[in-house]
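Report on one structure; see the data block that follows.
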Amino acid sequence: MDNYGTYALTEDERELAGMVRAFADEVVAPRSYEADRTHTLPMDVVAQMGELGLFGLPFPEEYGGQGGDYFALCLAIEALGRVDQSIAITLEAGVSLGAMPVFRFGTEEQKRELLPDLLAGRALAGFGLTEPEAGSDAGATRTTARLEGGQWVINGSKQFITNSGTAITRFVTVTAVTGEREGRKEISTIVVPHGTPGFTVEPGYDKVGWRASDTHPLTFQDARVPEANLLGERGRGFANFLHILDEGRIAIAALSVGAAEGCLEAAVDYAQKRTVFGEALSGRQGIQFLLARMQQRVHVARLAWHHAARLRDAGKPFKTEAAIAKLTASDAAMDNARDATQVFGGNGFMNEYPVARHYRDSKILEIGEGTNEVQLLVIARALGVA
Ligand SMILES: Cc1cc2nc3c(=O)[nH]c(=O)nc-3n(C[C@H](O)[C@H](O)[C@H](O)COP(=O)(O)OP(=O)(O)OC[C@H]3O[C@@H](n4cnc5c(N)ncnc54)[C@H](O)[C@@H]3O)c2cc1C
């Protein structure tokens, strides 16, 4: 056990974090610049993550998982986020948006059919919630699914969907309006396999950051899937995805802490090596205080995600703590990326330095899986003022 008190890591957890950190340094980092430059997800790296068991970390062994918990998954995501956010989000989305909805809400048959390949990293799945007219206001979903002759007929579009168009993407789970209940939209979630006629994965985006991560708009024009592809109870889609997003926020917080730490490490190293006015840059108190602030942010944000993940794994309420963790950690990543870039001076503006990539990558951490304004709304609701 280390000296984090309540937040101590077990031997197993420390070993896992060390193993993924070494993998990130030795296998992921050497590929990151080129993957970012060419907007290409290195699928052989994804395959190796599968072989290490990372996609199966928080799932039971009976479905091909590692029998670990969400905390373990977040440790792995943090270790990857330190060197490459695109790779870290591929794991985060692959697990919490791809496999977790099936594990949580799927029938036994759906779990047995869909989970083994996802948990082994042989397949990926996307989660399609966001639409051109429905992001933060996810209830504004316009995509529809109507039952016709034992099939769901899906029409509409989704945007910004992670892992939806890779060579190993097997399906996307989409939210769709399936009717009306008590004057309100009835929203359900439906599994749509790749290759379904009428389902098109549109060309990927030209993104500012997370450029090696796979993100696409999706369109559905009379796309038909069997009625049995409903995931979870009809009409529970809205509640189910809110739960999925709560968990995902802890994982995004862990990713953010990794990024914030990667920036800190790079800045400390650079400040010690760079000479200005005849002495090391790190000799200047202005720089020392900047680095100390960066360390403060990493520490506080890490405690925040540890706390939320421990609550979640203990089966206790964690919604507010997950929002606080995501808010704190994503701001820490963005602030540390900006400060690290400043320490690097002109070099910090050159893409060959990882801090420049972190600078571009970190902004989305304040937007994805619920913007930081949405996190503030969640916290305000818990206070009873919203
Ligand atoms: C790279 C990337 C990957 C993504 N991956 C996925 C994915 O896999 N699946 C998926 O479903 N989605 C995904 N998203 C979508 C992401 O979750 C949304 O972009 C995000 O939820 C914000 O929605 P929006 O873009 O529609 O912004 P909007 O909801 O239009 O918000 C615009 C601005 O208004 C603010 N705002 C909105 N409502 C309020 C309010 N009530 N009070 C105060 N401020 C408010 C927001 O905080 C934001 O600053 C991804 C996005 C990106 C960029």
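Laboratory data are not the source of any read-out in this text; all were calculated from the coordinates shown. Fair warning: this is a prediction, and the values are worked out from it, not measured in the lab. FYI the Cβ positions are ideal-geometry reconstructions off the backbone, even for glycines, and counts take in every protein chain you see.
Brief remarks follow.
- By the helix-only formula, in which each DSSP H run with n ≥ 4 contributes -39500 (n - 2.57) and the sum is divided by residues, the chain has a 222 nm mean residue ellipticity of -15500 deg cm²/dmol.
- Once C-alpha pairs closer than 8 Å and six or more residues apart are averaged by separation and normalised to the residue number of the chain, the relative contact order reads 16 percent.
- Cα gyration tensor, the stretch 132-193 - rounded (a/c under 1.5), prolate or oblate: oblate
- Using Cβ point charges alone (K and R +1, D and E -1), the dipole size of the stretch 267-386 about the Cα centre works out to roughly 220 debye.
- Candidate lysines - alpha carbon under 24 Å from K363, same-chain residues fewer than 8 apart omitted: K158, K207, K319, K326
- Local electrostatic count at G149 - Lys and Arg +1, Asp and Glu -1, tallied over other residues with Cβ under 10 Å: -1
- Among 308-316, 214-222, 200-208, the order from most to least packed when residues are scored by Cβ within 10 Å on average: 214-222, 308-316, 200-208
- Three semi-axes describe the equivalent ellipsoid of the chain; taken as square roots of 5 times the Cα gyration tensor eigenvalues and ordered largest first, they are 36, 21, 20 Å.
- Here the stretch 65-210 was treated as a single set of alpha-carbon atoms; its pair distances binned every 5 Å from 0 give 2, 9, 16, 21, 21, 16, 10, 5, 2, 0 percent.
- The packing ranking of peptides 36-43, 138-145, highest mean first, is 138-145, 36-43, where packing means the average number of other beta carbon atoms within 10 angstrom of each residue.
- Packing-based ranking of 270-280, 110-120 yields 110-120, 270-280, ordered from highest to lowest mean Cβ neighbour count within 10 Å.
- Cα centre as origin, Lys/Arg/Asp/Glu Cβ charges: the chain dipole, Debye: 800 debye
- Using the Cβ of L218 as centre and a radius below 11 Å, the other residues enclosed give a net charge of -1, where K and R count +1 and D and E count -1.
- The slack between N351 and E11, meaning 0.36 nm per residue of separation minus the straight C-alpha distance, is 118.7 nm.
- Ordering I367, F160, L114 by the projection of their Cα atoms onto the charge dipole of the chain, which places +1 on the Cβ of Lys and Arg and -1 on the Cβ of Asp and Glu, puts I367 at the extreme positive end.
- Computed from backbone phi with θ = phi - 60° and the Karplus coefficients 6.51, -1.76 and 1.60, the 3J(HN,Hα) list for the stretch 60-65 is x, 5, 4, 9, x, x Hz; x is used for glycine and proline.
- On the principal axes of its alpha-carbon atoms, the stretch 25-108 has extents of 42, 20, 18 Å, going from largest to smallest.
- Likely footprinting exposure, W152, W210, W305, fewest C-beta neighbours within 10 Å first: W152, W210, W305
- Hz values of 3J(HN,Hα) by residue in the stretch 98-107 - Karplus curve (6.51, -1.76, 1.60), Gly and Pro given as x: x, 7, 4, x, 5, 5, 6, 10, x, 6
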